[in-house]
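Heads up, the thing below is written out as structure tokens.
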Amino acid sequence: MTATKAPTEPPPKQRPVRRPGDRIFAGSAKASGIFILVVLAGVAVFLISEAIPALTAPAADIPGGEGLGGYVGPLVLGTLLGAVLALLVATPLAVAIALYVTYYAPRRVAAAMGYLIDLLAAIPSVVYGFWGLAVLAPALVPFHVWAADTLGFVPFFAGPASTSGRTMFTVGLVLAVMILPIISAISREVFSQAPALHREAALALGATRWEMIRMAVLPYGKSGVIGGAMLGLGRALGETMAVAIVLSGGAGATLNLISSSNPSTIASNIALRFPEATGLGVNTLIASGLVLFVITLAVNMLARWIVDRRADFSGAN
């Protein structure tokens, strides 16, 4: 008869030794995250508290006499028109540039081209505004006239065409150039990290370079392109000086992109009106800033949801 061995207890788990540097880094990272949340909450509290007088004031007391909704509505429309137009123009160009720099251009040309595109982000918005006013706006006048005559049945080109070129269409192109380096840089980084095994396998099976990009690179980089586009959209939504210089004020709500009666944007309207505003006018401008804050927050939350959803879908497959 053999004696049964008593069950041995597992050795006690040893707690990992954390060095002082690790604790300092973890604490500083946690403090930085909390600080960002505190700043965001502080901005929200300030905007809400200062906007309450405008939210509760009678409609007749709001500038324009149409109430807060009638005041902010055209500004929201102008903000969204300029930002969406910029996004529609800049995103395909940025993706094409990123693909060319990553997979088509020679190494020296790619390095120089990437450097020059990144330099666009360093140009002040005031310079973009003056460029749009002095160069781009006059150059677009013939297009405005042609669009009004040929595409006048479309609400965006209903006319009358502006004779100065200071239109929402010009603003959209200026904003497109401004957000181009953001989208291009992020797309370039994502495309360059596409799995080499997938790319080489596609080429080994006889795919052309474009087919390889379409089957292996673009599906991998979709979430990154969307994230970059949303970052560019956030920049376009909050741009101030370039829009203020090109439009210099605005009119009522309209979808017309080639007329001088375009609505202004929230950010540029605040910059132009705030120095002369007093009393309830200041609260009204802050209330419009609160609306812009909510729009920007919603855009970023939507972008995060889209990116996470695509990442989960890719992981499931």
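In table form, for the structure just shown:
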quantity	calculated
Inter-residue pairs, beta-carbon under 6 Å, first more than 17 Å from VAL101 (Cβ to Cβ) and in the stretch 192-210, second of a type in the set (Gly, Ala, Ser), 6+ apart	HIS198/ALA216; ALA202/ALA216
Members of the stretch 108-129 found to be buried (at least 20 other Cβ atoms within 10 Å of the Cβ) and either closer than 30 Å to ALA196 by Cα or aromatic (Phe, Trp, Tyr) (or both), listed by number	TYR128
Some residue of the stretch 266-280 being in a helix (DSSP H, G or I), among the aliphatic types (A, V, I, L, M) and either within 21 Å of LEU120 (Cα to Cα) or within 19 Å of the chain's Cα centre (by Cα) (or both)	yes
Helices (runs of 4 or more DSSP H) fully within the stretch 183-248 counting 2 or more residues that are open to solvent by 40 Å² or more (accessible area, probe 1.4 Å)	196-204, 209-212, 218-238
Residue check for THR170: open to solvent by 80 Å² or more (accessible area, probe 1.4 Å) and within 26 Å of LEU257 (Cα to Cα)	no
Residue identified as surrounded by 14 or more Cβ atoms within 10 Å (Cβ to Cβ), free of Cβ contacts under 8 Å to residues at least 12 places away in the same chain, small (Gly, Ala, Ser) and farther than 30 Å from ARG214 by Cβ among GLY67, GLY132, GLY82	GLY67
The stretch 85-107: number of residues that are surrounded by fewer than 17 Cβ atoms within 10 Å (Cβ to Cβ) and closer than 23 Å to THR170 by Cβ	4
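The values are calculated or read from the model by the stated rules, or taken from the named source; none is laboratory data. The model shown is predicted, which means the values in this text are computed figures rather than measured ones. So basically every Cβ, Gly included, is an ideal-geometry build from the backbone, and we count neighbours across all protein chains shown. Surface accessibility is based on the protein's heavy atoms, side chains included, excluding ligands, DNA and RNA. Shrake-Rupley method; radii C 1.70, N 1.55, O 1.52, S 1.80 Å.
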